[in-house]
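So the structure is just underneath, and the comments pick up after that.
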Amino acid sequence: MIRKFTMGAPFPTGAVTGTVPASGWDRFPYIYNTEDGKFVFTIPLEPDEIVYGLGEAPRGINKRGWTYRSWCSDDPFHTETKTALYAAHNFLLVKDRGIFIDFPGEIVWDIGYTHTGEAAVTVSGTDLDIYTIEGESPSSIVKEFRRLIGRSYIPPFWAMGCQQSRWSYPDADTVREVVRRYDEAGIPLDCVYLDIDYMERFKSFTVNRESFPDLEGLAAELKEKNIRLIPIIDAAIKKEDGYDVYEEGKEKGYFLKKEDGSDFEGGVWPGITCFPDFLRPEVREWFGKKYRFLTDMGIEGFWNDMNEPAIFYSEEGVRKALEEAAKLKDENLDLGKFFHLKNVFASLSNNPDDYAAMQHQVSGKLVSHAKLHNLYGASMTRAAGEFFEKEFGREKILLFSRASAIGSHRYGGIWFGDNMSWWSHILLCLKMLVNVNICGYLYCGADLGGFNDNATPDLVLRFLALGVFTPLMRNHSAMGTRPQECYSFENTEDFRDVVQVRYRLIPYLYETMRNAAENDTMMFRPLSFDYPDDPIARECETQLMLGDECMIAPVYEQNVSGRTVYLPEDMTFVRLSGERVLKEELPKGLHYVRVALNEVPLFLKKGKHIPLCRPAMRTELLDTEDTEYI
Ligand code: GLC
């Protein structure tokens, strides 16, 4: 049962595809008020109530006991004390009700943080739609919500292959070498990524012809080998005379403005840039068509980045910071002044003053970006996704984004941004899978092995053993970190064993993801959805149900030979490694299971079987008919 409550004149976010007649506010199930231009409501929480939702966000599957913020944030330190990551997924599931706030600006979700017995939600405006969905079970509520927001994006089949990325492979020969070394090690691979250095001075829709003299030739040469090249596209456009994308955008008035009508300028990778006003349909159409520059070269996949949007600095911000520093020039810098100064410079990036100064054009009027912030990245994805669908049809082009808001799940997938080579980030990824599935994102995954900091081979192997199940299976790492391609470490055969398991599972995983998209269900569920009356299953945050057949439980600590796992019913414990399958029947209950570094653990429910095909070096070479059932 869905109800819609409308207040004021909501901005058309495009999140919802279905139509629901508006209900009177007397039927709104929570106490609310609208003080100081904000809409605030409170949800009572029973002592053992679990709260799900909020998609890509820090901390656990159960969101209780923390404050979260819907505000797409370029923040590379995903510590548990953070309140926001790159996305704004405004859906909460409490007790027998789902709540979706269709609103483009900031929302603060205090979920039992101030008062343990209630969730207080503060929406930073009073023009909004709220949908409440009542249902018999969490799964049925999710299904109804997902039907409301429309079918999730599904990538082409080859996007299920293993993908290798790094910031950056600097030239064509390095890309060739990555493929060669994977092939030599016998480790399957389908995609190699191009990070910002393939561009000419970080300008989107350009190619550095010194390091990639013949990108179209390289794409064709790799395609012969069934390998795809996946370039990055950054949202902001370098301000440079003679750069066609900039010149066109400027001439047509397609960039975000300042209040005085001039283009807003901010610093990102290329230096001073302008920001396309993706919220306008004509700008989306224009930007979408720009991808043709690369699709014409044979490119079939993209990752959209820096689209929160990330702004390292603005000239205005730097000017003010320098003025502040000048004031202190001859002063004795006591501790207070020193930290003030430090903070002035530290807060130059992604500064609220800049977001407030940027102006969108909505029906001929200027509207501050601060009010519409969370739609920015989602609208960039929409620009690309709409173009691809029109030009190539569905499921032809791989597309995923860093920033997102519910609605963009129809146009592309997401990756979880700049995580760390930390053991705790294996679990962070696992926990996020559930909540992003609830919010419609099925094609998703984390940077396997971790983006920032140095990885160790055991971390990469254990991370990959989780990544074997995530639809996006991509190893990516930051500039300056230790190389973490699967062939970079000793015992490459361990990596081969793990990645081969992925290829054996691809037909099953693709089918499971497709079913989830077609039936508005989740690919990954918390155990509590399936075993609501089992007190241990209800609280389990380190294992997930996968499809209707499996449970996954990755090893997530260093220097251990296994982990404790809880079986909510009798199951078959399967250890997969290369072509080897070891099975053991285990009764319901707690077990310590041993898992070697080259093994992928999987648990099969009683009476359930899944197909495994023979591994191959590419998805294209998989014989999906030749399967054995385990
Ligand atoms: C951002 C992205 C990261 C990428 C880097 C350079 O930090 O999140 O994946 O490697 O920019 O483009």
Screening 243, 254 for residues that are modelled with pLDDT of 95 or more, farther than 22 Å from residue 417 by Cα and more than 28 Å from the chain's Cα centre (by Cα) leaves only 243
Scanning region 143-157 residue by residue, those part of a helix (DSSP H, G or I) and over 30 Å from residue 183 (Cα atoms) turn out to be 143, 144, 145, 146, 147, 148, 149
Take the conditions modelled with pLDDT of 95 or more, in contact with a Phe, Trp or Tyr (Cβ under 8 Å, 6 or more places away or on another chain), closer than 20 Å to residue 230 by Cα and of a type in the set (Gly, Ala, Ser) and apply them to residue 370. Does it pass?
no
Across (1) away from the ligand (no atom under 16 Å from the Cβ); (2) within 30 Å of residue 267 (Cβ to Cβ); (3) of a type in the set (Asp, Glu), residue 391 clears everything bar (2)
Of the residues in region 577-589, those that are farther than 17 Å from residue 537 by Cβ and either in contact with a Leu (Cβ under 6 Å, 6 or more places away or on another chain) or not in a strand (DSSP E or B) (or both) number 2
Picked from region 120-130 (must be part of a strand (DSSP E or B) and touching a Gly at 6+ places or on another chain (Cβ under 8 Å)), the residue surrounded by the most Cβ atoms within 10 Å (Cβ to Cβ) is 123
Of the residues in region 475-495 that are within 16 Å of the ligand (Cβ to nearest atom) and either of a type in the set (Asp, Glu) or buried (at least 23 other Cβ atoms within 10 Å of the Cβ) (or both), the one that is nearest to residue 559 (Cα to Cα) is 484
For strands (runs of 3 or more DSSP E) lying entirely in region 454-553, having 1 or more residues that are of a type in the set (Lys, Arg) picks out 473-475
Is it true that residue 125 is more than 20 Å from residue 528 (Cβ to Cβ) and touching a strand residue (DSSP E or B) at 6+ places or on another chain (Cβ under 8 Å)?
yes
Given the conditions (1) away from the ligand (no atom under 16 Å from the Cβ); (2) surrounded by fewer than 23 Cβ atoms within 10 Å (Cβ to Cβ), every one holds for residue 153 apart from (2)
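Per-residue answers, yes or no, for (1) of a type in the set (D, E, K, R); (2) within 16 Å of the ligand (Cβ to nearest atom); (3) buried (at least 24 other Cβ atoms within 10 Å of the Cβ):
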residue	(1), (2), (3)
350	no, yes, no
357	no, no, no
365	yes, no, no
378	no, no, yes
396	yes, no, no
416	no, yes, yes
Per the filter on region 36-95, residues of a type in the set (Phe, Trp, Tyr) and over 27 Å from residue 351 (Cα atoms) are 41, 52
When region 443-460 is checked residue by residue, the ones that are crowded, with 24+ Cβ neighbours inside 10 Å, away from the ligand (no atom under 16 Å from the Cβ) and of a type in the set (A, V, I, L, M) are 460
Next on the checklist: Scan region 348-359 and tell me whether some residue there is over 26 Å from residue 10 (Cα atoms), assigned to a strand (DSSP E or B) and either of a type in the set (Ser, Thr, Tyr) or touching an Asp or Glu at 6+ places or on another chain (Cβ under 8 Å) (or both).
Outcome noted: no
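Return the residues of region 427-453 that are aliphatic (A, V, I, L, M) and in a loop (DSSP other than H, G, I, E, B); say none if nothing qualifies.
Answer for region 427-453, where residues must be aliphatic (A, V, I, L, M) and in a loop (DSSP other than H, G, I, E, B): 442, 446.
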Given the conditions (1) part of a strand (DSSP E or B); (2) within 27 Å of residue 532 (Cα to Cα), every one holds for residue 140 apart from (1)
Hey, does region 476-498 have a residue that's of a type outside the set (Asp, Glu), out of contact with any Phe, Trp or Tyr (no Cβ under 7 Å at 6 or more places or on another chain) and within 30 Å of residue 392 (Cβ to Cβ)? no
Q.
Yes or no: region 109-119 includes at least one residue that is under 25 Å from residue 430 (Cα atoms), charged (D, E, K, R) and in contact with a Gly (Cβ under 7 Å, 6 or more places away or on another chain).
A. no
Matching residues in region 418-442 (among the aromatic types (Phe, Trp, Tyr) and buried (at least 24 other Cβ atoms within 10 Å of the Cβ)) number 1
Among strands (runs of 3 or more DSSP E) entirely within region 257-334, at least 1 residues that are closer than 23 Å to residue 168 by Cα and more than 16 Å from the ligand (Cβ to nearest atom) occur in 271-274
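Name the residues in region 488-515 that are of a type in the set (Lys, Arg) and within 15 Å of residue 467 (Cβ to Cβ), would you? Give the derivation first.
Step one: list which residues in region 488-515 are of a type in the set (Lys, Arg), which gives 496, 502, 504, 514.
Residues satisfying the conditions are 496, 502, 504.
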Quick check: is even one residue across region 93-101 in a loop (DSSP other than H, G, I, E, B) and either without any contact (Cβ under 8 Å) to a residue 24 or more places away in the chain or under 28 Å from residue 151 (Cβ atoms) (or both)? yes
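The values are calculated or read from the model by the stated rules, or taken from the named source; none is laboratory data. Being a predicted model, the structure only gives us computed values, none of them experimental. A quick note on method: Cβ atoms are made from the backbone with ideal geometry, for glycine too, and the neighbour counts reach across all protein chains shown.
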